[in-house]
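Engineer: Let me give you the structure first, and then I'll get to my questions.
The values are calculated or read from the model by the stated rules, or taken from the named source; none is laboratory data. These numbers were taken from a predicted model, which means no experiment stands behind them. Glycine also receives a Cβ, built like all others from the backbone with ideal geometry; neighbour counts cover every protein chain displayed. Heads up: the accessible areas ignore ligands, DNA and RNA and are worked out on the full protein's heavy atoms, side chains in. Shrake-Rupley method; radii C 1.70, N 1.55, O 1.52, S 1.80 Å.
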Number of protein chains: 2
Amino acid sequence: MFSKATEYALRATIYIAQKSSITNKLSLAEIANAIDSPPSFTAKILQLLTKDNCVINSVRGPNGGFYITDKAKQLQLRKVLEALNENDMFDKCILGLKKCSENKPCPMHFQYKPIKQQLIHLFHVNTIQQLAEKTDHRNLFNNDI
Amino acid sequence: MFSKATEYALRATIYIAQKSSITNKLSLAEIANAIDSPPSFTAKILQLLTKDNCVINSVRGPNGGFYITDKAKQLQLRKVLEALNENDMFDKCILGLKKCSENKPCPMHFQYKPIKQQLIHLFHVNTIQQLAEKTDHRNLFNNDI
DNA sequence: ATAATTAAAGACAAAATTACCCTTAATTAT
DNA sequence: ATAATTAAGGGTAATTTTGTCTTTAATTAT
């Protein structure tokens, strides 16, 4: 469904929203370990999420790390996809046709349409905070228990 | 959503179902041109669809090419995904967690679940024939009009 | 039989994605 | 001030996906 990059971005964002605060920043190492992702690659993705403080914030140096503000927690989950430039993925034709449209629909167009809209809805209605609250972090990730 | 390979496979299958018959086989060149895909890569994909005659059939030599039997047209669209080994893609966790389940759901699990089921439904209820009939082939592909 | 045509098969190449490493910059604690 | 810590940034490597090319095998028309 999503690229690895997007999966890691979503997992990292949710994890950071669950565990971080301005006074308790999370290091790259902790995040990557918690969400089971390769640290170096995760670093690149966290950079994207940090650009212009679009989703999360970061501070360098001792006791530095990544965190998210209460305000940013109110952002729609869609912002994560935007940061990864994958926001338009749900607009695309399921058969990959460039000019699929209401006027010139592909054979799956009208059946896929309501599903597509629900997928968009999913990322539009949920805030980062809401997702973070959905599950106890103890059994969310690190799921080797 | 899907890989290029899967997109081409679905488009090719639908096109072949629309235009071919045992007496009117379609060449690789015609198919690739019609569905706007790279010929050599499409050849590989058609081979997968032809393996064990799982979806389409092929005949070599003059007036040879690809076609689909009336019987195969009654197959579920899911068979195309199976041939590409992408049949399990809808079973996967949207966040990429290996052990996401009802007992140990990821934060998006229960919201994604009904959408996932509709996606599976889409490929289970539609036969190849039904999809092929959905749109007039003249304005399906070659959509540069 | 022979030549022409078409898919099958295998090797290879290009591009994109994923992953890693090293240096630099910023920040903090001492 | 200095040393330690941590993310940022750049370059590179590995892997996967996508795409190409050439040869072989099968079939047909002549």
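Engineer: Which is under 12 Å from the mean Cα position of the chain (by Cα) and not hydroxyl-bearing (Ser, Thr, Tyr), of A:14, A:31? Full working, then the answer.
Structural biologist: Details: A:31 fails: under 12 Å from the mean Cα position of the chain (by Cα).
Within the list A:14, A:31, the selection yields A:14.
Engineer: Another one. List the number of the failed condition for residue B:122; all other conditions in (1) closer than 16 Å to residue B:6 by Cβ; (2) touching a residue at least 60 places away in the same chain (Cβ under 8 Å); (3) of a type outside the set (Ser, Thr, Tyr); (4) within 13 Å of chain A (Cβ to nearest Cβ) hold.
Structural biologist: Only one criterion in (1) closer than 16 Å to residue B:6 by Cβ; (2) touching a residue at least 60 places away in the same chain (Cβ under 8 Å); (3) of a type outside the set (Ser, Thr, Tyr); (4) within 13 Å of chain A (Cβ to nearest Cβ) is unmet by residue B:122, namely (2).
Engineer: Limited to the range A:35-73, what total is found for residues that are open to solvent by less than 70 Å² (accessible area, probe 1.4 Å) and either outside any helix (DSSP H, G or I) or touching a His at 6+ places or on another chain (Cβ under 7 Å) (or both)?
Structural biologist: 15
Engineer: Scan the range A:21-34 residue by residue and report those that are in contact with a strand residue (DSSP E or B) (Cβ under 8 Å, 6 or more places away or on another chain) and either open to solvent by 10 Å² or more (accessible area, probe 1.4 Å) or among the aromatic types (Phe, Trp, Tyr) (or both).
Structural biologist: Within the range A:21-34, A:21, A:22, A:24, A:25, A:27, A:28, A:30 qualify.
Engineer: Could we say that residue A:6 is at pLDDT 95 or above and closer than 25 Å to residue A:91 by Cα here? Don't jump to the end; show me each part of the working.
Structural biologist: Numbers: at pLDDT 95 or above: yes; closer than 25 Å to residue A:91 by Cα: yes.
Judged against the criteria, residue A:6 is a match.
Engineer: Tally time: how many residues in the range B:74-91 are part of a helix (DSSP H, G or I) and of a type outside the set (A, V, I, L, M, F, W, C)? Don't jump to the end; show me each part of the working.
Structural biologist: Kept after step one, since they are part of a helix (DSSP H, G or I), are these residues of the range B:74-91: B:78-83, B:87-91.
Filter again for of a type outside the set (A, V, I, L, M, F, W, C), leaving B:78-79, B:82, B:87-88, B:91.
Result for the range B:74-91: 6.
Engineer: In addition: Quick check, is residue A:34 away from chain B (no Cβ under 11 Å) and under 15 Å from residue A:132 (Cα atoms)? Working first, answer last.
Structural biologist: Details: away from chain B (no Cβ under 11 Å): yes; under 15 Å from residue A:132 (Cα atoms): yes.
Here the answer is yes, as residue A:34 does meet what is asked.
Engineer: Going by the conditions given, is residue A:55 at pLDDT 95 or above and either among the aromatic types (Phe, Trp, Tyr) or more than 16 Å from DNA strand C (Cβ to nearest atom) (or both)? Quick ask: steps written out before the conclusion?
Structural biologist: Numbers: at pLDDT 95 or above: yes; either among the aromatic types (Phe, Trp, Tyr) or more than 16 Å from DNA strand C (Cβ to nearest atom) (or both): yes.
In short, yes.
Engineer: What about residue A:131, is it facing chain B (nearest Cβ under 7 Å) and under 14 Å from the mean Cα position of the chain (by Cα)? Give the steps one after another, and end with the answer.
Structural biologist: Numbers: facing chain B (nearest Cβ under 7 Å): yes; under 14 Å from the mean Cα position of the chain (by Cα): yes.
Yes: the conditions hold for residue A:131.
Engineer: Still on this model: Can you name the condition, by its number, that residue A:26 falls short on among (1) more than 13 Å from DNA strand C (Cβ to nearest atom); (2) within 15 Å of the chain's Cα centre (by Cα); (3) at pLDDT 95 or above?
Structural biologist: (2)
Engineer: Determine, yes or no, whether residue A:98 is more than 15 Å from residue A:14 (Cα to Cα), within 11 Å of another protein chain (Cβ to nearest Cβ) and modelled with pLDDT under 95.
Structural biologist: On the way: more than 15 Å from residue A:14 (Cα to Cα): yes; within 11 Å of another protein chain (Cβ to nearest Cβ): yes; modelled with pLDDT under 95: yes.
It is true that residue A:98 is more than 15 Å from residue A:14 (Cα to Cα), within 11 Å of another protein chain (Cβ to nearest Cβ) and modelled with pLDDT under 95.
Engineer: Name the pairs: first residue in the range B:8-35 and free of Cβ contacts under 8 Å to residues at least 24 places away in the same chain, second residue polar (S, T, N, Q) and within 14 Å of DNA strand C (Cβ to nearest atom), Cβ to Cβ under 7 Å, at least 6 apart or on different chains?
Structural biologist: B:32/B:42
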